[in-house]
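Okay, structure first, notes after.
The values are calculated or read from the model by the stated rules, or taken from the named source; none is laboratory data. No experiment lies behind these values; they were computed from the predicted model shown. Quick reminder, even Gly has a Cβ in these numbers, built from the backbone with ideal geometry, and neighbours come from all protein chains shown. Ligands, DNA and RNA are excluded from the accessible area calculation, which covers all protein heavy atoms including side chains. Shrake-Rupley method; radii C 1.70, N 1.55, O 1.52, S 1.80 Å.
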Amino acid sequence: MFSTLITRAQGGSYNYGRYGIGFNASRNRPYADLKQANDGKSFNVTGYYNVTPYIPLGLEIQSGDLSGGNIVTDQYKRQYKNQYVAVIAHGDFTLGEIIDYDNSFFMHLFKDIYFGTGVGLVSNKMTFIQRTNLNPSDVYPVGSYTFPGQDKSMELMVPLRVGIDLKIYNSYSEPFMSVNIGYIHNVTWGEGLDGYTDPASGFKNNSPDQYRQIVVGVKFNFGSTVPYTKSIN
């Protein structure tokens, strides 16, 4: 009986769960056409397929808010708030897949660092946007000019991901959960994050809308265990 328990404990350090589910919260900041950008928040749920313990593929549903501008201090008196929803497919590559960390404490510190990318769709919905000018001019009296753009839009996006996924092990040395700390920079193909599509000739509008996220979350692994080629713990 004791020899069986010892064998299982040793073998467990090579096993991992095939599937996972993650819950994350993040602090957002847009990089769009307005000079002032405000911090917002988002939450997501991600389902994972673990190709290996160091290569997870995820399908994520994310919801959050982005805002910027100020009708008092902005040069053109523009302001917006976007309540968005995104669906994103992404994959991460963790350094533990390629480095030899078995007999090196130094390498063990780096084995859970990951890099990743993917593709997704973001659906934008302006819950507030200042569409008409509040500044009078010789050409446009107050309220006579409408800033172009859409209150609702959908765009392609690409996330650029980096972070660390700190594994937590059960009594069999299997990584049953992890704590994620990361940075994500999302680049969209369009001008829908802030709702404004003003011409670049008169406004700052020289790059696609983007937003960054500082992410903290947890991931739980489950499903039948799968053997890996080297000790995970």
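For this structure, a couple of remarks:
- Remark: Thr127 falls outside the filter, which requires a residue to be open to solvent by less than 80 Å² (accessible area, probe 1.4 Å), among the polar types (S, T, N, Q), within 26 Å of Phe23 (Cβ to Cβ) and modelled with pLDDT of 95 or more.
- Only one entry in Ile88, Ile71, Ile61, Ile55 is of a type in the set (A, V, I, L, M), within 13 Å of the chain's Cα centre (by Cα) and open to solvent by less than 70 Å² (accessible area, probe 1.4 Å), namely Ile88.
- Restricting attention to segment 130-140, the residues that are at pLDDT below 80 and either open to solvent by less than 90 Å² (accessible area, probe 1.4 Å) or acidic (Asp, Glu) (or both) total 2.
- Number of positions in segment 45-92 that are outside any strand (DSSP E or B) and of a type in the set (Val, Ile, Thr): 3
- Test: Phe106 is closer than 21 Å to Lys219 by Cα, free of Cβ contacts under 8 Å to residues at least 40 places away in the same chain and not in a strand (DSSP E or B): no
- Qualifying residues in segment 32-42 (those that are modelled with pLDDT under 95, in contact with a strand residue (DSSP E or B) (Cβ under 7 Å, 6 or more places away or on another chain) and not small (Gly, Ala, Ser)) - the one surrounded by the fewest Cβ atoms within 10 Å (Cβ to Cβ): Gln36
- Candidate set: segment 156-169, residues that are in contact (Cβ under 8 Å) with a residue 24 or more places away in the chain and surrounded by fewer than 19 Cβ atoms within 10 Å (Cβ to Cβ); chosen: the one farthest from Met126 (Cα to Cα): Tyr169
- Some residue of segment 141-159 being at pLDDT 95 or above, farther than 23 Å from Gly182 by Cα and of a type in the set (Phe, Trp, Tyr): no
- Qualifying positions in segment 3-24 - open to solvent by 40 Å² or more (accessible area, probe 1.4 Å) and either farther than 20 Å from Asn170 by Cβ or at pLDDT 95 or above (or both): Ser3, Arg18, Tyr19, Ile21, Phe23
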